[in-house]
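Read through the structure below, which is laid out as structure tokens, and then see the notes.
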Amino acid sequence: QVQLVESGGGLVEPGGSLTLSCAASGGIFSYATMGWYRQAPGKQRELVATITPGGSKVITASVKGRVTISRDNAKNTVYLRMNSLKPEDTAVYYCNAQRDPSIYWGQGTQVTVSS
């Protein structure tokens, strides 16, 4: 049974930083491309960043330069470090694990950027 558990969300002021964590269980982590997606109210879920088992990264243009994705294979955990946060970064952030043909999602963690 694959489980993804996100943590680290919360309320942060504009310009602040957060680090989200996603702990994976069920034996998939070492073989899966891990990713972070987000969904703002009234909008579709969108890709933020992904990282392959070998460490290759994709970061979406709207957050490039402000976001870092990393993984700790020993801890089965993927991280998303977000800096210079903007109100438009407010969303539920979801962890994702992909190993064809399977895709798994976490339950999401709320990030709110507001003064």
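If the cut-off is 18 Å between C-alpha atoms, which aspartates and glutamates fall inside it for residue 64, apart from same-chain ones fewer than 8 positions away?
46, 88, 89
Would you mind getting me the FRET efficiency between residue 17 and residue 100? Use the beta-carbon distance for r and R0 = 30 Å, nearest 0.05.
Calculated value: 0.35.
To the nearest 0.05, what FRET efficiency results for residue 75 and residue 39 with a Förster distance of 30 Å applied to their C-beta separation?
E between residue 75 and residue 39, to the nearest 0.05, is 0.70.
In the chain, carbon and sulfur make up what percent of the accessible area (probe 1.4 Å)?
Carbon plus sulfur share of accessible area: 47 percent.
Label points 7 Å out from Cα along the Cβ direction at residue 58 and residue 88: separation in nm?
Between residue 58 and residue 88, the simple spin-label model gives 2.2 nm.
If 62, 115 are ordered by their accessible area, calculated over protein heavy atoms with a 1.4 Å probe, which sequence runs from highest to lowest?
Heavy-atom accessible area, descending, gives 115, 62.
Looking at the stretch 34-102, which trypsin sites (Lys or Arg not before Pro) are DSSP coil and have at most 13 other C-beta atoms within 10 Å of their C-beta?
43, 64, 75
Whole-Hz ³J(HN,Hα) for each residue in the stretch 6-15, computed from phi via Karplus 6.51 cos²θ - 1.76 cosθ + 1.60 with θ = phi - 60°, x for glycine and proline: what do you get?
8, 7, x, x, x, 9, 9, 6, x, x
Could you pull out every one of the aspartates and glutamates with an alpha carbon less than 17 Å from that of residue 75, ignoring same-chain neighbours closer than 8 positions?
Here the aspartates and glutamates satisfying the reach criterion relative to residue 75 are 6.
Want the number for residue 47 to residue 110: 0.36 nm per residue separation, take away the alpha-carbon distance, what's left?
Extra length available between residue 47 and residue 110 comes to 21.1 nm.
Over the chain, calculate the relative contact order: mean separation of alpha carbon pairs under 8 Å at least 6 apart, over the residue count, as a percent.
In percent, rounded to a whole number, it is 37.
Using a basic spin-label model with each label point 7 Å from the Cα along Cα→Cβ, how many nm lie between residue 25 and residue 5?
0.6 nm
The values are calculated or read from the model by the stated rules, or taken from the named source; none is laboratory data. Being a predicted model, the structure only gives us computed values, none of them experimental. So basically every Cβ, Gly included, is an ideal-geometry build from the backbone, and we count neighbours across all protein chains shown. Heads up: the accessible areas ignore ligands, DNA and RNA and are worked out on the full protein's heavy atoms, side chains in. Shrake-Rupley method; radii C 1.70, N 1.55, O 1.52, S 1.80 Å.
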